[in-house]
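Here is the structure we will look at.
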Amino acid sequence: MKLGLGLYRHMLTRDNFRFARQAGATHLVIHLVDYFKGGAHSPGDNQPTGSDRGWGLAGDPNRLWTTQELKDICRSAAEEGLKIEAVENFDPAHWHDVILDGPKRESQMENLKTIVRRLGEAEIPVMGYNFSIAGVAGRVSGPFARGHAVSVGMEGPLDIPIPNGMVWNMVYDPDAPQGTLTSISSQELWQRLERFLGEMLPVAEEVGVKLALHPDDPPLPTVRGQPRLVWQPALYQRVIDLNPSRSNALEFCLGTLAEMVDGNIYEAVEQYSRQDRLAYVHFRNVRGKVPSYKETFVDDGEIDMLRVLRILKQNDYDGVLIPDHTPQMTCSAPWHAGMAFAMGYMRAALQALETV
Ligand SMILES: [Mn+2]
């Protein structure tokens, strides 16, 4: 297994590449969506939480990430000894009507195919995505983790409707007419995913890219009045069964899976790693379950992370693990310190795994 680090868009700098390598990473997962543009939300060095209006403004609908831009990032990373394993998340500006089945769906499907082809050209093997109307909404931050470290969690469901012009917890049209999104059925949302996969996977396969679905975080049956897809561990199987393509893969988030009320995290790891469908793993820990849980330091939650690693090893998982989120540590570099702690833990755990 390989150690990686996730970096937000504004963190794609030489210094952060060096930080990642110094912490033992050989791989990076990069975010190209700017989650921190124009919103009332957490500081830029924490994961976004946002307000009822989401994290902030989506990107430029008319500007897709270019092959050159992707290759430049890969080259800068390679200069520091790192490989880009994945791009995590499409920009809502580029695919809102794919999720919403709106009038721009056809042209936005072309956007997504173009992006995946460009990843192929840059030799980035994975595109992570989260097929969700409400997105990662409804979480709060506070001094929830060990030693009053600032962390993220949920303290009750959020079902206020989503305003027009917003999807995936970001605003793509600030001038949308007043009003809110109509709720759709779970069946309708699954049909949209199936259609998306049916059109995308042949392209992804052709260019050697895996599409990796993140489960719904937080994993409730509805958030903001809209259905969710993967909100119990068993629902990941439904995604795999929708389309047999080897490019139909999972962005396997241990934290989100452990927040789910049904199932068992170790059985889920066994079930999905045995099928060789994990594109990469979000290796984080948590206490509690929806609608009341808190993210913890990696060694301090309810998941036995070493047991998870042993199962992954038994099933020959050879992909990348990244910390995903971690509590902020009290110092002048709260994000970096939190990540360095998680990376040190992961590095030690992987070394221990090799010696037993
Ligand atoms: Mn995750």
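The values are calculated or read from the model by the stated rules, or taken from the named source; none is laboratory data. The structure displayed is predicted, hence computed values, not measured ones. All Cβ positions, even for glycine, are placed from backbone atoms using ideal geometry, and neighbour counts span all protein chains on display.
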Check your understanding: For segment 162-272, which fully contained helices (runs of 4 or more DSSP H) count at least 3 residues that are more than 17 Å from Gly54 (Cα to Cα) and more than 16 Å from the ligand (Cβ to nearest atom)?
Key -> 186-206, 235-242
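Please work out if Thr296 is within 16 Å of the ligand (Cβ to nearest atom), touching a Lys or Arg at 6+ places or on another chain (Cβ under 8 Å) and of a type in the set (Val, Ile, Thr). Steps first, please.
Working: within 16 Å of the ligand (Cβ to nearest atom): yes; touching a Lys or Arg at 6+ places or on another chain (Cβ under 8 Å): yes; of a type in the set (Val, Ile, Thr): yes.
Spelling it out, Thr296 is indeed within 16 Å of the ligand (Cβ to nearest atom), touching a Lys or Arg at 6+ places or on another chain (Cβ under 8 Å) and of a type in the set (Val, Ile, Thr).
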Review point. Quick check: anything in segment 17-26 over 18 Å from the mean Cα position of the chain (by Cα), under 24 Å from Gln328 (Cα atoms) and polar (S, T, N, Q)?
Key: yes
Point to revise | Any hit, segment 311-323, residues being touching a His at 6+ places or on another chain (Cβ under 6 Å) and either assigned to a helix (DSSP H, G or I) or buried (at least 19 other Cβ atoms within 10 Å of the Cβ) (or both) | key: yes
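Answer yes or no as to whether Tyr280 is part of a helix (DSSP H, G or I) and either in contact with a Phe, Trp or Tyr (Cβ under 9 Å, 6 or more places away or on another chain) or away from the ligand (no atom under 16 Å from the Cβ) (or both).
Numbers: part of a helix (DSSP H, G or I): no; either in contact with a Phe, Trp or Tyr (Cβ under 9 Å, 6 or more places away or on another chain) or away from the ligand (no atom under 16 Å from the Cβ) (or both): yes.
No, not satisfied.
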**Study point:** Exclusive hit being farther than 20 Å from Tyr35 by Cβ, surrounded by fewer than 16 Cβ atoms within 10 Å (Cβ to Cβ) and within 20 Å of the chain's Cα centre (by Cα), set Glu121, Glu155, Glu194
**Key:** Glu194
Check your understanding: Out of all the residues in segment 334-341, is one or more touching a residue at least 60 places away in the same chain (Cβ under 8 Å), in a strand (DSSP E or B) and either within 25 Å of Asp276 (Cα to Cα) or among the aliphatic types (A, V, I, L, M) (or both)?
Key -> no
Exercise for review: Go through segment 308-331 and count every residue that is of a type outside the set (Asp, Glu), away from the ligand (no atom under 15 Å from the Cβ) and more than 18 Å from Arg146 (Cα to Cα).
Suggested key: 8
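Criterion first (modelled with pLDDT of 95 or more, surrounded by fewer than 20 Cβ atoms within 10 Å (Cβ to Cβ) and either within 15 Å of the ligand (Cβ to nearest atom) or of a type in the set (Lys, Arg) (or both)) does Arg287 satisfy it?
Numbers: modelled with pLDDT of 95 or more: yes; surrounded by fewer than 20 Cβ atoms within 10 Å (Cβ to Cβ): yes; either within 15 Å of the ligand (Cβ to nearest atom) or of a type in the set (Lys, Arg) (or both): yes.
Yes.
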**Study point:** Any helices (runs of 4 or more DSSP H) falling wholly within segment 42-147 and containing at least 2 residues that are acidic (Asp, Glu)
**Key:** 67-79, 105-121
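For segment 344-356, which residues satisfy the criterion of being in contact with a strand residue (DSSP E or B) (Cβ under 8 Å, 6 or more places away or on another chain) and away from the ligand (no atom under 16 Å from the Cβ)? Step through it out loud before you land on a result.
Looking only at segment 344-356, we keep the residues that are in contact with a strand residue (DSSP E or B) (Cβ under 8 Å, 6 or more places away or on another chain), and these are 346-347, 350.
Those that are in contact with a strand residue (DSSP E or B) (Cβ under 8 Å, 6 or more places away or on another chain) and away from the ligand (no atom under 16 Å from the Cβ): Arg347, Leu350.
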